[in-house]
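Report on one structure; see the data block that follows.
The values are calculated or read from the model by the stated rules, or taken from the named source; none is laboratory data. Just so it is clear, the model here is predicted, and its values are computed rather than measured. Methodologically, a virtual Cβ is constructed for each residue, glycine included, from the backbone with ideal geometry; neighbour enumeration extends over all protein chains shown.
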Amino acid sequence: MARLRLHELCGYRSGDKGDVADVALFADDQTVYDVIVREVTAARVRDHFGAMVAGEVVRYEVPNVLALNFVLRGALGGGGPRSLRSDALGKTLGGALVRLEIEVPDELADRRAPRPDIGWAHEILGHLHRVAPTSVLPRGSR
Amino acid sequence: MTVRVAGGQGFYGDTPRAVEGLLADGVDYLCLEALAELTLAILQKDRQKDETRGFTRDLPLYLAAALPEVAAGRTRVITNAGGINPTAAARVAAATARELGLTGIRVATVLGDDLTTRLEALARETPLTNLDTGAAFTELPSAALFASAYLGARPIVEALAQGADVVITGRCADAALFLAPLVHEHGWAWDDWDRLAAGMLVGHLLECSGQTAGGNLSRDWWTVARPWDLPYPIAEVDPDGTAVITKPRASGGRVSFDTVRHQLLYEVHDPARYLTPDVVADFTSARFDDLGDDRVRVTGVRGSAATATYKALLCHHAGWAGEARVAFSWPDAAEKATAASAIFVERVEQAGLTVDEWCIELWGVDALGGPTVPGTSAEPPEVVARVAWRCADATTAGLVGREMVPLTLSAPPAGMTGMGRGAARPTELLGIWPTLVEKALVDPHVSVHVEQV
């Protein structure tokens with residue numbers, strides 16, 4: 001057995017309905033799905049978020065797309081237009097969930113999340129006229 | 001016969017530019033979803049200032065692109081851009097058509113979702129309990145600023161049957177905008193639950209525009225083609241409910257099993273019982289086949305009978321908020337930011353200002369992740385303290401913000417106040433109250449009006 005962050009094994013997306021956040025976890029394949037069904041229980045997710053979630057956490061299994069869906073009640077400081085939080089719509093809760101470390105069988109121990117390759121972004125920004133470390137002028141200007 | 005429906009808008013403020021790509025690719029119906037939960041609150045403030053407002057004001061931008069295609073008989077438009085004033089939105093649609101020199105377009109409005117003026121009467125007939133908290137309607141903290149029911153696809157289908165080219169609704173279930181043309185074209189019965197569920201699932205996949213076509217994708221997000229040219233999604237739907245989710249050919253983006261499943265569960269509670277006005281859809285029953293070439297086939301969706309209620313959303317005043325930010329750099333950035341927050345809170349108390357709630361976040365430490373962020377000994381190169389507060393009135397909320405300004409010269413070293421919005425003007429907070437209301441109490445008030453312009 002090994003310990004891995006969910007990030008090495010799963011995708012995620014989260015959103016809001018009132019003061020309830022929905023956080024979905026997408027397994028890379030069936031093996032990963034079987035592991036997260038066993039490991040990522042509602043209670044575990046509740047513990048992970050701690051004081052960020054005031055209410056209960058409910059888990060739904062969605063085997064046809066190898067996903068788990070978590071409903072987090074009282075997770076958004078009162079809900080979008082009422083909340084004082086920066087992330088009043090729960091957009092970042094998916095990323096926060098995949099920080100969770102779980103036990104995985106040895107066959108998954110070497111799994112790693114792909115690393116971003118944003119060469120295209122550097123290329124776009126490289127076309128701008130750099131006048132200082134954080135100061136650039138539009139393309140073509142001198 | 002296959003019907004092509006497209007999701008051309010995902011929220012009020014989305015870009016109308018993606019519509020051009022959808023129209024160029026050819027779609028039978030262009031559906032524009034403009035209303036998030038709190039959008040009606042924004043529109044309510046608009047209408048208070050001007051009786052002719054209360055709809056999403058970017059509607060003419062969308063119609064300017066779409067109406068020439070509508071007039072040529074190549075597409076029809078369905079939108080909930082009417083907000084809390086569909087009649088005014090229809091007038092704007094007519095004006096847009098005239099400006100473009102187009103005639104013969106039939107514009108329909110759907111009314112009856114707005115419960116605001118008859119809320120007290122409704123409360124005598126049905127509990128209007130808060131779905132999230134269980135609180136009784138009598139505990140609503142202040143008068144409702146708006147109250148509206150999420151209508152289904154039926155009135156839209158009625159409008160299409162009357163020959164409407166453009167259908168403008170107020171609040172309705174987002175996915176119903178997409179189900180309606182499928183019911184109309186394929187003649188699905190209102191108790192053909194599997195077909196209705198398939199249509200709702202298609203609508204759910206299209207209602208958030210770019211999110212199905214490579215936007216907001218986790219995992220390998222950087223591999224999405226030309227993300228600055230992200231297309232919006234199209235569904236090709238057969239009479240039996242089989243659908244292929246795809247995108248305009250000449251565009252960036254991606255439609256794959258992964259992009260589709262990301263959207264499938266977005267803002268869904270129980271995927272096996274997705275409650276909509278027209279059907280209860282079982283998203284776990286669907287089969288998704290990635291056909292390659294940006295095409296994903298959806299089959300086998302199961303549905304069951306709709307409930308006897310509509311979801312409704314009430315919105316009420318909930319106080320005033322202010323927010324301020326102050327940034328610190330290394331060394332000891334996090335400690336300085338924490339100390340500055342404490343000094344600020346103490347100063348506000350000394351000034352005798354009453355704050356009902358504080359929110360203190362350290363950006364660069366754990367502002368977004370909270371307790372999920374592992375403890376680390378690494379020193380962040382910079383940290384922003386963001387402090388937000390809630391007060392009973394706007395004046396107090398503004399005075400609290402003033403207490404942040406002096407920290408520039410009288411707090412831990414080198415704090416930069418006025419970051420970002422700085423001590424921004426106070427904003428009104430709104431509480432939302434999700435509830436249920438019997439269809440029988442709403443349907444008699446729903447009406448469809450079609451006018452040729």
Legend entry - Qualifying residue in region B:346-357 (condition: in contact (Cβ under 8 Å) with a residue 40 or more places away in the chain and within 30 Å of residue B:112 (Cα to Cα)): no
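Name the single residue that is nearest to the chain's Cα centre (by Cα) among those in region A:97-126 being away from chain B (no Cβ under 13 Å) and surrounded by fewer than 14 Cβ atoms within 10 Å (Cβ to Cβ).
Within region A:97-126, the match that is nearest to the chain's Cα centre (by Cα) is A:103.
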Inset, instruction - Would you be able to say whether some residue in region B:252-269 is more than 22 Å from residue A:89 (Cβ to Cβ), at pLDDT 95 or above, out of contact with any strand residue (DSSP E or B) (no Cβ under 9 Å at 6 or more places or on another chain) and surrounded by fewer than 23 Cβ atoms within 10 Å (Cβ to Cβ)? - result: no
Legend entry - Filtered residue count, region B:283-307, keeping only those that are more than 25 Å from residue B:434 (Cβ to Cβ) and within 13 Å of chain A (Cβ to nearest Cβ): 12
Legend entry - Cβ-Cβ under 6 Å pairs, at least 6 apart or on other chains, region B:256-282 side more than 7 Å from chain A (Cβ to nearest Cβ) and under 20 Å from residue B:150 (Cβ atoms), far side of a type in the set (Val, Ile, Thr) and part of a strand (DSSP E or B): B:273/B:280
Legend entry - Criterion: among the basic types (Lys, Arg) and within 14 Å of chain A (Cβ to nearest Cβ) - qualifying residue of B:347, B:325: B:325
Inset, instruction - Answer yes or no: is there a residue in region B:315-336 that is assigned to a loop (DSSP other than H, G, I, E, B), farther than 25 Å from residue B:377 by Cα and not polar (S, T, N, Q). - result: no
Inset, instruction - Would you confirm whether any residue within region B:12-21 is closer than 16 Å to residue B:232 by Cα, among the hydroxyl-bearing types (Ser, Thr, Tyr), touching a Lys or Arg at 6+ places or on another chain (Cβ under 9 Å) and modelled with pLDDT of 95 or more? - result: yes
Inset, instruction - Would you mind telling me which numbered condition in (1) under 28 Å from residue A:91 (Cα atoms); (2) in contact with a helix residue (DSSP H, G or I) (Cβ under 8 Å, 6 or more places away or on another chain) residue B:359 fails? - result: (2)
Legend entry - Looking only at region B:58-105, and only at residues there that are hydroxyl-bearing (Ser, Thr, Tyr) and part of a loop (DSSP other than H, G, I, E, B), the one that is farthest from residue B:181 (Cα to Cα): B:103
Legend entry - Matching strands (runs of 3 or more DSSP E) fully within region A:1-105 where at least 2 residues are in contact (Cβ under 8 Å) with a residue 60 or more places away in the chain and either within 26 Å of residue B:435 (Cα to Cα) or charged (D, E, K, R) (or both): A:2-5, A:10-17, A:20-27, A:101-104
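Let me confirm something: among A:94, A:80, which residue is modelled with pLDDT of 95 or more, under 23 Å from residue B:362 (Cβ atoms) and at the interface with chain B (Cβ under 10 Å from one of its Cβ atoms)? Give the derivation first.
Working: A:80 fails: modelled with pLDDT of 95 or more.
Result of the check over A:94, A:80: A:94.
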Inset, instruction - Among the residues of region A:26-75, write down those that are under 15 Å from residue B:269 (Cα atoms), in contact with a Gly (Cβ under 7 Å, 6 or more places away or on another chain) and more than 10 Å from chain B (Cβ to nearest Cβ). - result: A:75
